[in-house]
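Heads up: the structure comes next, in C-alpha cells.
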Amino acid sequence: MAKQFDFALAIGGAAGQGVATPGMILARIFSRRGLHLNAYNAYQSIVRGGHIFLTVRISNDKVYSHGDKLDMLICLNQDTMDRHLHLMEAGGRVAFNSDTVTPGKAADGVQICPIPVKELTGGSRNKVIQNTVALGVITFMLGLDFQVLDNALALQFSRKGQEVLDENVGVARAGYEYAKAHFQSFDESVPNGAKPLALWTGNQALAMGGAAAGVKFYSAYPMAPSTGVLHWMAQNARELDIMVRQCEDEIAVANMIIGAAHTGVRSMCATSGGGFALMTEAVGAAAMMEIPAVFINVQRAGPSTGVPTKTEQGDLWQVLGASQGDFERFIAAPWNALDAFNTIPEMFNLCDKHQCPGIVMSDLLISEGTFSFDADDLNMQPAIDRGEMITEGTANGDYMRYKDTESGISPRAIPGIEGYVHVVATDEHDQDGVLISDEYTNPHKRRRMVEKRARKFAGVDKAMVAPSLEGPADAEVTLIGWGSTYGVIKEAIAQLKNEGITANHLQIKWIVPFHSQQVTEIVTAAKKTIIVENNYSGQFFRYMRSETGLKVDGHIRKYDGEPFMPHHIVDGVKEQMVGNTDHFVPHQEIMV
Amino acid sequence: MDGIITHDLVVDPQSVDDFKGKVDPDWCPGCGDYGVLNCLRRACVDLGLKPHEILTISGIGCSSNFPGFFNSFGMHTLHGRALAVATGAKLANHELTVIVTGGDGDGFGIGGNHFTHTARRNVDLTYIVMDNQIYGLTTGQLSPTSIKGMKTKSTPFGSVEPTYNPITSAIMNGATFVARGFSGDVKHLSMLMQMAIRHKGFSLVQVYSPCPTFNHDNDFKFFKTRVKKLEDADHDTSDWKTACEKAMEWGDTIYTGLFFQNKKAEALGDLEPILDKGGPLCNRPLGLSDKQVDGIIARMM
C-alpha cells in the first residue's frame, strides 16, 4: 500500500482579497486528481476586511477533518504572517508577497518563500493578481506540472475573456518559474487518486438531498450559515421544477412550507438558530395538523445573534423544545455532508409516513465546509415512501382526516379531491377535523386525539439504524459524540492509537427517536466514557442522561466558535486518562 | 333539503346550504361575521364553484373559525399566518381557489408582515378580513383598526394610537384588487367577493363586520348610516390616488365598494416559469429523472 499522502495548505488574507478563488481552483485541481479533500474556512461577518483563513487538507486516503497541521501557508497580507507563522513547523513553507509583507521569525527548518509580485506581474493594476502568482508558486511546490494549473485557470477564467485568461496564465507561469528558480519543492509530489472526485459543501449536500427526495417547494430567509441551501435551490429550481421563495421572515418560511406540504408536495426549509426560533410555533402547527415538512437548522454560535460565522452544537435544547405542547417529530443530526445528503430523503419518508414534522440539525462546520465526494456514492434516486396518502378517487362523504386508527396514522387526503372535503386545524380537533372547542370541550375526545397522534411513534426507533460502537469493544475509553463531530473524533481515535491508547467511538445521529436501549447497553459496557461536544453546557450529555439516566466519566467541550481539531480531543483524552481532570476545554491555537 | 344533516356532504352543490360546514357558527348573536359567511356561500354558488375546488385558510380569532363553518377544504392555522400558509398552498396547487379569511388583529396586527408581502407578491388569493376593530376572542382589547380614543380593556382611558388603514396599506403594498364591504349589505358584499375571487392576483376585501359584544363605538348602526357605495360616487377604480383619498374618509361618509383594481399586473404564479406547464406541482412526479441527475453531478465535478 502506498504511503499516505496527507497535506494541508492554508491561505490567509482579508475579506475582499479573494481568498476563495485560489482556494476553489486548488480544490478543484486536487479533487479532479482523485484526492480526498476537507476544507474549512474561518471568516467573519463582514464583506471587506477582517481575517479570512482557509485550510485545505488533501490526502490519497479519506480525510474526516481539516486536520492538525499546516504544510504550507500563503500570506496575502501581513496580518496572516503575524497571526499564523508560529504554527509552521520544520519542513513547512511560507509564501508571501515580498512587496507588501515582511516575514517574521520562523521556526527552524521552515522555508521562507518571498515572492516579488510587482516584478513578476509587470506592475499589473489587478488587485488580486498576487493570488494567481501564488497559485503558480504552490503548483511548483507541490511537484505538479504547470499544465495542470493552466487547465484549471482556463476553466476558471475563460468566461471572462481571453485577455483576462492570458494575464492570469502569464503571471501564474511567472510565479511557477520563479519558485522553480528560488525555492525547494516538497519532497513528495501530489499523487493521483483512484478516480476524479466531485466537490460540495454540506449546504449543497442538504439541498441535493432535498432534490433527490422530490422536494417541490423550498422557502427561506437568508441566514448564515444556512444560506447555501437557498442558493443551490434557487440555482437549480427551474431545471428541477422546485418552487423557491425567499420570504419576509422565517415565520412566513415555515408556514409557507406547511401550506405547500398540505397540498401534497414535499416541502423543506433551512435556517439557523435565530430563524429557527421564529419557526418553532409552526413546527408544532405541522404536528397538530399532521402535515409532513422538513426543517433544517444549521447551527451557529449563539445565543441570540451570537457569532454568525462560527460553529457550535448549541441548539440541541432549542430544537428539542421547539414549540409548545407534547407532539411527535423526528430530529436527526447527520455526521457529515454525505450523511446530510442521505438524511433528507430518509427524513421525508419518515415524516410522510408518520405525518409529522422532521428537523435536521447541521452546523457551520458541515454546512459551509467543502468536501470531496465520489459521485458513485450518491443515490440520487432514493426510494420514496409517501405513506398513507389519498391523491385521487371519490368518497361518499364519510371521510375523517384524523380517523382514530390502530397505528394512529390516518390516511391523508390532499385538497382538491371530491368527497374528501375536510378542515385541518391547529386547534385540537376531533377525528373529522371539527374543533373540539367549537362543539364543546370534551376531555375524553382530547385524550383520544393526543393518544392517536402519540401512537404513530410507538416503536418508531426500529425504523432507523440504531447507534453502534466503532472500534474495539474492549477499548480503554469510549468517546461519545453526536452530529458533526464524527470525523474529528474518528481521527482523534487514530492518533490515540499511535500514542498507545485504545479508544472506541459511539456517535449519535438520531436525537428523536433516541435509541435508549442500545445506548445504555453500549455505555454501561464501556470501561471509561468521555462525551465530546462543541458547546459549553454539555447539551447532549444532559439529554442522554434524561433519556437513559446514564452518567459518563468525563467531558471534552469546545465553545470558542472554532471546530475541534483532532489533537484537541487527543489532549483531552490523555489528560483524563491520567486523572488530571474530568472536564477538558481545549485551547484554540489558530487565531481567526 | 329536509332530513339532510350537516355531516352529509353534498358533492354537487346547487344552493348556499351546500357550503354549510360540519358545525354551525358559534359567533355571538348579532355578530357581523354571519353576514360575511352567508355572502361567501352565495358568492361561491353564483360563481359555480364546488366545495372540493376551494381551500379556505384562516388564522386565529373569532372570524378565523370561519373554515369550520364553511364547506370546503380548510386549514385553521396559526394566529397571523394564514397568508403565508395560503401562499404555499396556492403555489403548490394553483388550480385550487384559495380564500383566506380572518380578522383585523390576525391580518393587520400579528400578520402585518405577511399582509405587506403577500400583497407585494400579488399571490392569486382572495383575502376576506372581517374587521370589527377589536380583539373579540380575547374579550375586548385594542386592535390595529380600533379608532383613536376607543376605550377597551387594554386601553381603559382611551387609545392614543392612530388607526391602521388596510385599504391604503394594501394599495401601497401592491395589492391588485382592493375593496371594502359592510356585512350589513349582503348583496353588495357578495358581489365584491365574486369579483375578488375572479380577479387574478391578490384581492383584499375588508369587511366592516361589527362586534356587538365588545365594540360599542363602531356598531352596526354606526355603519348603517354612514356607508356609501363608491359606485355611486363616480369613482375611477384604476386611480390609486383617489382610491387612497376615499379610503381615508372616516366621518359621515365611509366608502364601500371597489377602491382599486390593477387588471394588468400578473399574479405571482403566472410569473413563475415552472408553473407554465406540467400542471400543479402537487401532481408532478417526485424524484429526479436520469437527465436531471446527470446534470446535477456534471455541475458538481
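Here are some notes:
Conditions (1) farther than 28 Å from residue B:148 by Cβ; (2) surrounded by 24 or more Cβ atoms within 10 Å (Cβ to Cβ); (3) among the small types (Gly, Ala, Ser), marked per residue:
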position: B:186; (1), (2), (3): yes, no, no
position: B:189; (1), (2), (3): no, yes, no
position: B:199; (1), (2), (3): yes, no, no
position: B:202; (1), (2), (3): yes, yes, no
position: B:205; (1), (2), (3): no, yes, no
position: B:213; (1), (2), (3): no, no, no
position: B:218; (1), (2), (3): no, no, no
position: B:221; (1), (2), (3): no, no, no
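- Filter result for residue B:152 (under 27 Å from residue A:279 (Cα atoms) and touching a residue at least 60 places away in the same chain (Cβ under 8 Å)): no
- Some residue of region B:87-97 being at the interface with another protein chain (Cβ under 9 Å from one of its Cβ atoms), out of contact with any Leu (no Cβ under 9 Å at 6 or more places or on another chain) and surrounded by fewer than 24 Cβ atoms within 10 Å (Cβ to Cβ): yes
- Taking every residue in region A:14-29 that is part of a strand (DSSP E or B) and pairing it with any residue that is of a type outside the set (S, T, N, Q) and buried (at least 23 other Cβ atoms within 10 Å of the Cβ), at least 6 positions away or on another chain, the pairs with Cβ-Cβ distances below 6 Å are A:15/A:52.
- Yes/no for residue B:231 being more than 24 Å from residue B:43 (Cβ to Cβ), part of a helix (DSSP H, G or I) and without any contact (Cβ under 8 Å) to a residue 40 or more places away in the chain: no
- Residues of region A:446-472 that turn out to be in a loop (DSSP other than H, G, I, E, B), small (Gly, Ala, Ser) and modelled with pLDDT of 95 or more, as a count: 4
- Hits in region A:300-335 - residues which are in contact with an Asp or Glu (Cβ under 6 Å, 6 or more places away or on another chain) and either without any contact (Cβ under 8 Å) to a residue 24 or more places away in the chain or of a type in the set (A, V, I, L, M) (or both): A:301
- Members of region A:227-253 found to be of a type in the set (Lys, Arg) and more than 7 Å from chain B (Cβ to nearest Cβ), listed by number: A:245
- Matching residues in region B:145-165 - criterion: being open to solvent by less than 30 Å² (accessible area, probe 1.4 Å) and either of a type in the set (A, V, I, L, M, F, W, C) or touching an Asp or Glu at 6+ places or on another chain (Cβ under 7 Å) (or both): B:145, B:150
- Subset of region A:296-353 that is outside any loop (DSSP other than H, G, I, E, B) and among the charged types (D, E, K, R) - its residue that is farthest from residue A:251 (Cα to Cα): A:339
- Just so you know, in region A:514-538 the residues that are crowded, with 21+ Cβ neighbours inside 10 Å and in a loop (DSSP other than H, G, I, E, B) include one that is nearest to the chain's Cα centre (by Cα), and it is A:534.
- Count - residues of region A:118-137 that are open to solvent by 60 Å² or more (accessible area, probe 1.4 Å) and in a helix (DSSP H, G or I): 2
- Applying the criterion of being aromatic (Phe, Trp, Tyr) and not in a strand (DSSP E or B) to the residues of region B:51-110, the residue that is nearest to residue A:279 (Cα to Cα) is B:108.
- Condition met for residue A:158 (out of contact with any Lys or Arg (no Cβ under 7 Å at 6 or more places or on another chain) and either in a helix (DSSP H, G or I) or modelled with pLDDT under 95 (or both)): yes
- Lone unmet requirement of (1) at the interface with chain A (Cβ under 9 Å from one of its Cβ atoms); (2) in contact (Cβ under 8 Å) with a residue 12 or more places away in the chain; (3) of a type outside the set (Val, Ile, Thr) for residue B:273: (2)
- Any chance residue A:224 is at the interface with chain B (Cβ under 7 Å from one of its Cβ atoms), in contact (Cβ under 8 Å) with a residue 24 or more places away in the chain and of a type outside the set (Phe, Trp, Tyr): no
- Residues satisfying the stated conditions in region A:192-202, i.e. at pLDDT 95 or above and farther than 17 Å from residue B:297 by Cβ: A:202
- Among residues of region A:357-404, those that are more than 13 Å from chain B (Cβ to nearest Cβ) and open to solvent by 20 Å² or more (accessible area, probe 1.4 Å), counted: 5
- Candidates B:221, B:241, B:263, B:246: the one that is among the basic types (Lys, Arg) and not in a helix (DSSP H, G or I) is B:263.
- On the stretch given as region A:438-483, residues that are open to solvent by less than 50 Å² (accessible area, probe 1.4 Å), among the polar types (S, T, N, Q) and within 14 Å of chain B (Cβ to nearest Cβ) total 1.
- Residue among A:581, A:548 that is within 25 Å of residue A:315 (Cα to Cα), open to solvent by 20 Å² or more (accessible area, probe 1.4 Å) and in contact (Cβ under 8 Å) with a residue 12 or more places away in the chain: A:548
- Filter result for residue A:213 (out of contact with any His (no Cβ under 9 Å at 6 or more places or on another chain), aliphatic (A, V, I, L, M), outside the structural domain of residue A:13 (by TED's automatic domain parsing) and at pLDDT below 95): no
- When each of B:68, B:74, B:109 is tested for being over 20 Å from residue A:245 (Cα atoms), open to solvent by 10 Å² or more (accessible area, probe 1.4 Å), at the interface with another protein chain (Cβ under 7 Å from one of its Cβ atoms) and not aromatic (Phe, Trp, Tyr), the lone residue that passes is B:68.
- Identity of the residue in region A:423-437, more than 7 Å from chain B (Cβ to nearest Cβ) and either outside any strand (DSSP E or B) or over 18 Å from residue B:58 (Cβ atoms) (or both), that ends up most open to solvent (accessible area, probe 1.4 Å): A:437
- Region A:376-393, residues that are touching a Leu at 6+ places or on another chain (Cβ under 9 Å) and outside any loop (DSSP other than H, G, I, E, B): A:377
- The one condition in (1) among the aliphatic types (A, V, I, L, M); (2) within 14 Å of another protein chain (Cβ to nearest Cβ); (3) over 28 Å from residue B:275 (Cα atoms); (4) crowded, with 24+ Cβ neighbours inside 10 Å that residue A:333 fails to fulfil: (2)
- Residue in region B:77-86 that is surrounded by the most Cβ atoms within 10 Å (Cβ to Cβ), counting only those that are among the small types (Gly, Ala, Ser) and more than 7 Å from chain A (Cβ to nearest Cβ): B:82
- Selection status of residue B:45, within 23 Å of residue A:395 (Cα to Cα) and of a type in the set (A, V, I, L, M): yes
The values are calculated or read from the model by the stated rules, or taken from the named source; none is laboratory data. Quantities reported herein were computed from a predicted structural model and do not represent experimental measurements. Ideal geometry is used to build each Cβ from the backbone, glycine not excepted, and the neighbour counts take in all protein chains shown. SASA here: full protein model, heavy atoms, side chains in, ligands and nucleic acids out. Shrake-Rupley method; radii C 1.70, N 1.55, O 1.52, S 1.80 Å.
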